[in-house]
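Here it is: the structure, laid out below.
FYI, it's all coordinate maths here, none of it is from the lab. Quantities reported herein were computed from a predicted structural model and do not represent experimental measurements. A quick note on method: Cβ atoms are made from the backbone with ideal geometry, for glycine too, and the neighbour counts reach across all protein chains shown.
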C-alpha cells in the first residue's frame, strides 16, 4: 500500500536531514536564543556537504567545485526557423551538434563491426550545439529569425537527455506533466513527432512563462496543428483525469534544483520557511510519477527526471513508485536500460558510473552540465 512507502520516504528524509550531522555540531535551542540567519544558498551548500559527501564520497569535492562554477549551455536549434542557416552560424562559433555527432559515430561503429549493439531508440530531429570539453565559450543571445521565430533556445544541454530517452515516434500522444518553464516542452515539439501534446504545470505564473516560450519559438499554425494544450492542473490527479491515454509521458518533477539553490535566494527551497516542503519532496515526486504512469497507456513509456543529485529524489522515488503501482493498482512497470547513453554521449557529458537505476549526469569542470537524472519506465500492464 501507499502508506508504507510514504513512511519510508519520510524516514529517509529524516535520516538525511539529521543523522549525518556530527554530534559535536548538534545543539539544543536555548530559551529566548536568537537563531542565526544564514542565506538559503549557504544552507543549501551545508546540506549538500553533509549528504552528498556521504553519497558520492571521493567524487564530491570535484562535483562541489563544478556546481559552484559557471554552468555550460547548449543551443537547441529551432526547427521552425531557418534551421540550416542557424546550424551553419553555430558551426562558425566552433560549436558542434552533440546529438548528430553521437548518433553518426554510433552508426559508423555498427557498420564497421566494432559495436554489436543495436541502434539506440531516441527522439529524432533534435539538434543541439555545444562547445567542446574544456571550452567555456558562451553562446550569443538568440535572435528573431527571418521566419518570425527565435533561432535557438539556450538550455542546459543535459536537459535534452530525458527528451531523447523518451524515444518519440511520429504521431505519438505526449504528456509533459510538469512542463514549465518550457525548455523540454519546446524540445518535444522539435522532434516533429507529437500528434497531440499536453503541457501542464500547477503554477499559472509558470505556465505563463511556458506560453511565452511557445509563442516565441513555434509558429501559431504549428501550435494549432500539433494541438498543443497548456493546462494548470494538479499533476498528481492526472491518472484520474486521463488514465491509460498517452504513448509517452515526461515527468520532470519539482526537486531541490541543486545548482539553482546554490546561486539564487529568490524561490530557494532551502529557505527556512520551506523546510517542511523540502522534506516532503520525495512524497510529491512519487505521487507525480505514479500519476504519469497511470496516464500512460499499457505498453507506453515514461521518463522521470530531476535536476538533483539526491538518490532520495532519484532512484528511491523510482523504486518506491514501482512498488506502489504493483501493490495498489496491480500495474507492472519495468525500468528500461539506458546505459548505452553513457557511451553514446560520453564525449559531451560526465556520467555517474554507479547509478543503480537510471542515469545521472554529474557536473564536471571540463563538461559543466547538469546535474540531470533521468530514468525510462515501461508500463507493461
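Kindly check whether there is at least one residue in region 165-188 that is buried (at least 19 other Cβ atoms within 10 Å of the Cβ), more than 21 Å from residue 149 (Cα to Cα) and out of contact with any strand residue (DSSP E or B) (no Cβ under 7 Å at 6 or more places or on another chain).
Within region 165-188 (the criterion being buried (at least 19 other Cβ atoms within 10 Å of the Cβ), more than 21 Å from residue 149 (Cα to Cα) and out of contact with any strand residue (DSSP E or B) (no Cβ under 7 Å at 6 or more places or on another chain)), the answer is no, since none of the residues qualifies.
Would you be able to tell me the number of residues in region 344-381 that are more than 26 Å from residue 68 (Cβ to Cβ) and touching a residue at least 60 places away in the same chain (Cβ under 8 Å)? Can you show your working first?
Of region 344-381, the ones more than 26 Å from residue 68 (Cβ to Cβ) are 344, 356-357, 375-381.
Adding the requirement that they be touching a residue at least 60 places away in the same chain (Cβ under 8 Å) leaves 344, 375-381.
The total comes to 8.
Scan region 180-214 residue by residue and report those that are in contact (Cβ under 8 Å) with a residue 60 or more places away in the chain and assigned to a loop (DSSP other than H, G, I, E, B).
Hits for region 180-214 are 191, 192, 193.
Further question: Go through region 326-339 and give me each residue that's without any contact (Cβ under 8 Å) to a residue 40 or more places away in the chain and more than 22 Å from the chain's Cα centre (by Cα).
326, 329
Inside region 218-253, can you point out the residues that are buried (at least 19 other Cβ atoms within 10 Å of the Cβ), touching a residue at least 60 places away in the same chain (Cβ under 8 Å) and in contact with a helix residue (DSSP H, G or I) (Cβ under 7 Å, 6 or more places away or on another chain)?
Hits for region 218-253 are 218, 238, 246, 248, 249, 250, 251, 252, 253.
Could you name every one of the strands (runs of 3 or more DSSP E) located completely within region 265-368 that has at least 3 residues being in contact with a helix residue (DSSP H, G or I) (Cβ under 6 Å, 6 or more places away or on another chain)?
Counting at least 3 such residues, we get 296-306.
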